[in-house]
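To start, the structure under review is shown below, and the notes come after it.
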Amino acid sequence: MGHGGVVVMDDAVSARDLAEHLFRFAASESCGNCTPCRAGTAQLARQKSASALERLMETMERGSLCGFGQAAPRPLRDLLRHFPGEMFPMELP
């Protein structure tokens with residue numbers, strides 16, 4: 001996310017570790033001009049369930065004024081879709 005390149009990782013990198021990296025990246029790159037992106041990126045890592053994360057990401061996608069806030073949830077959605085047990089291991093699929 002952010003540079004348009006391809007990133008290759010081996011199986012030693014967990015989906016949760018990658019998500020936490022993306023959470024930090026999104027929060028540090030938000031310009032802060034609109035609340036959905038500024039507050040949303042700061043709250044991504046604090047979500048305790050997939051459903052709460054989905055609601056927050058939808059709010060960011062619909063309410064953010066720029067492409068960054070609208071696109072930041074995309075890689076996180078992919079992680080949720082492909083690795084749900086690693087993202088929120090306490091939830092049942």
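So how many residues does segment 52-68 have that are surrounded by 20 or more Cβ atoms within 10 Å (Cβ to Cβ) and over 23 Å from PHE88 (Cα atoms)?
Residues that pass the stated criteria total 1.
Name the residue that is surrounded by the most Cβ atoms within 10 Å (Cβ to Cβ), counting only residues in segment 69-93 that are at pLDDT below 85 and in a loop (DSSP other than H, G, I, E, B).
Result: PHE88.
Just to be sure I understand, how many residues within segment 3-51 are open to solvent by 70 Å² or more (accessible area, probe 1.4 Å), in contact with a Phe, Trp or Tyr (Cβ under 9 Å, 6 or more places away or on another chain), assigned to a loop (DSSP other than H, G, I, E, B) and closer than 17 Å to GLY69 by Cα?
Total satisfying the criteria: 1.
The values are calculated or read from the model by the stated rules, or taken from the named source; none is laboratory data. These numbers were taken from a predicted model, which means no experiment stands behind them. FYI the Cβ positions are ideal-geometry reconstructions off the backbone, even for glycines, and counts take in every protein chain you see. Surface areas here come from the heavy atoms of the whole protein model, side chains and all, with no ligands, DNA or RNA. Shrake-Rupley method; radii C 1.70, N 1.55, O 1.52, S 1.80 Å.
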